[in-house]
Amino acid sequence: MANNPNHYEVIIVGGGPAGLTAGIYTARARLRSLLIEKGLVGGQIINAERLDNYPGFPEGISGFELGELMHQQATKYGLETIIAEVTGIKLQDKQKVVETTDGNFVARAVIIAGGSRRQKLGIPGEEEFTGQGVSYCATCDAAFFRELPIAVVGGGNAAITEALHLAKFASRVTVIHRRDQLRATRMLQEKAFSEPKIEFLWNTVVEKIEGGDLVNRIKLRQVKTGEESTLDISGIFISVGLSPNTDYLKGILPLDDHGAIITSNTMETEIAGIFAAGDIRQNSVRQAIAAAGDGATAAINAEKFLT
Ligand SMILES: Cc1cc2nc3c(=O)[nH]c(=O)nc-3n(C[C@H](O)[C@H](O)[C@H](O)COP(=O)(O)OP(=O)(O)OC[C@H]3O[C@@H](n4cnc5c(N)ncnc54)[C@H](O)[C@@H]3O)c2cc1C
């Protein structure tokens, strides 16, 4: 192994809180560890302007900064990082060959911490106007909508966090939710209900996104009455759920009906030496601290597996 630069003891897929925490533990345990991230190190938290519920930061911390700090900590202990997309995992004797857009890497233990991505609505206009008024990331795109009316679709924590962030920029934020109450925590609901720029359309779904070069209106349907209407907006932020990033794992690992990886409570999958941690695994509560906890559990059990 020492002679082959592509051979590691542990390979971690994904550089969010789960993968970075796993990296802190495996590198600190002196296991030769590689983290493979296809985008920006930090994962989804880089979209969170501020995390108020991550222990240790009573004043809150920006998601970007938290991701940076985790990465610094892991790198300090010797974690190596490359930017590439993992496209497959093959078993070769006791080794796992991790196939990426930047070549193959080999390890006996793999921790999959690839998180999840936003679900699409699957309605006309959504694909066509993505980047032209349709967005899945308020932190990335809010500033494009200064003093403009926008809509947020969804009723969970992420949707309401995004609506609150967008209210700092937009002239009006209309939250469109298919139910008659939000799923977001009470604290977020209270904040949203007391924000004068945010209004709510309950029991309503978006049926079509329309515009010219850019989005300028959406067609809506009230699910109880069937009544149809139009709302003039310049942007629409879609936050209706998450899908685990497991497309490349179908047929390799057991997944549940939602595509999440099934693990034991030690984060082990059915395949010895392959672990999963964070949002990507079944029954994840999809919070940064829980992902970090999963990462630590996976790393400690990967170390046990290797030794
Ligand atoms: C707007 C917003 C606000 C949030 N606010 C909070 C909050 O206040 N508090 C809180 O606790 N949580 C919050 N969350 C949730 C939190 O961000 C997630 O629960 C957490 O990031 C999950 O961590 P993870 O490591 O499992 O996955 P992720 O953070 O999703 O990281 C996975 C990483 O894996 C990479 N990846 C995926 N597939 C591959 C592949 N094939 N090859 C290489 N890399 C891959 C991805 O690019 C990503 O960087 C928020 C999320 C959002 C979107």
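Scanning segment 275-307 for residues that are more than 11 Å from the ligand (Cβ to nearest atom), open to solvent by less than 50 Å² (accessible area, probe 1.4 Å) and either under 18 Å from Gln44 (Cβ atoms) or more than 21 Å from the chain's Cα centre (by Cα) (or both) yields Asn301, Ala302, Leu306. Which residue is nearest to Glu37 (Cα to Cα), if the candidates are limited to segment 63-96 and must be over 21 Å from the mean Cα position of the chain (by Cα) and among the hydroxyl-bearing types (Ser, Thr, Tyr)? Among those that are over 21 Å from the mean Cα position of the chain (by Cα) and among the hydroxyl-bearing types (Ser, Thr, Tyr), it is Thr75.
Of all the listed residues (Asp141, Asp180), the sole one being surrounded by fewer than 24 Cβ atoms within 10 Å (Cβ to Cβ), among the acidic types (Asp, Glu) and at pLDDT 95 or above is Asp180. Candidates are the residues of segment 254-274 that are β-branched (Val, Ile, Thr) and open to solvent by 10 Å² or more (accessible area, probe 1.4 Å); the one that is nearest to the ligand (Cβ to nearest atom) is Thr263.
Looking at segment 97-164, what strands (runs of 3 or more DSSP E) fall wholly within it and have at least 2 residues that are under 18 Å from the mean Cα position of the chain (by Cα) and more than 10 Å from the ligand (Cβ to nearest atom)?
Qualifying strands (runs of 3 or more DSSP E): 149-153.
Count of segment 36-95 residues, restricted to those that are more than 25 Å from Gly273 (Cα to Cα), buried (at least 18 other Cβ atoms within 10 Å of the Cβ) and of a type in the set (S, T, N, Q), is 2. Of all residues in segment 243-253, none satisfies being open to solvent by 50 Å² or more (accessible area, probe 1.4 Å), in contact with a Leu (Cβ under 8 Å, 6 or more places away or on another chain), modelled with pLDDT of 95 or more and outside any strand (DSSP E or B).
Pairs meeting the criteria (first residue in segment 167-189 and in contact (Cβ under 8 Å) with a residue 12 or more places away in the chain and assigned to a loop (DSSP other than H, G, I, E, B), second residue exposed (fewer than 14 other Cβ atoms within 10 Å of the Cβ) and hydroxyl-bearing (Ser, Thr, Tyr), beta carbons under 8 Å, at least 6 apart or on different chains) are lacking.
Considering segment 197-213 alone, what residues qualify as being over 17 Å from Val173 (Cβ atoms) and part of a strand (DSSP E or B)?
Matches in segment 197-213: Val205, Glu207, Lys208, Glu210, Gly211.
The values are calculated or read from the model by the stated rules, or taken from the named source; none is laboratory data. In this text, all values refer to a predicted model and were calculated from it rather than measured experimentally. Cβ coordinates were reconstructed from backbone atoms using ideal geometry, including for glycine residues, and neighbour counts include every protein chain displayed. Accessible surface areas use protein heavy atoms only, side chains included; no ligands, DNA or RNA. Shrake-Rupley method; radii C 1.70, N 1.55, O 1.52, S 1.80 Å.
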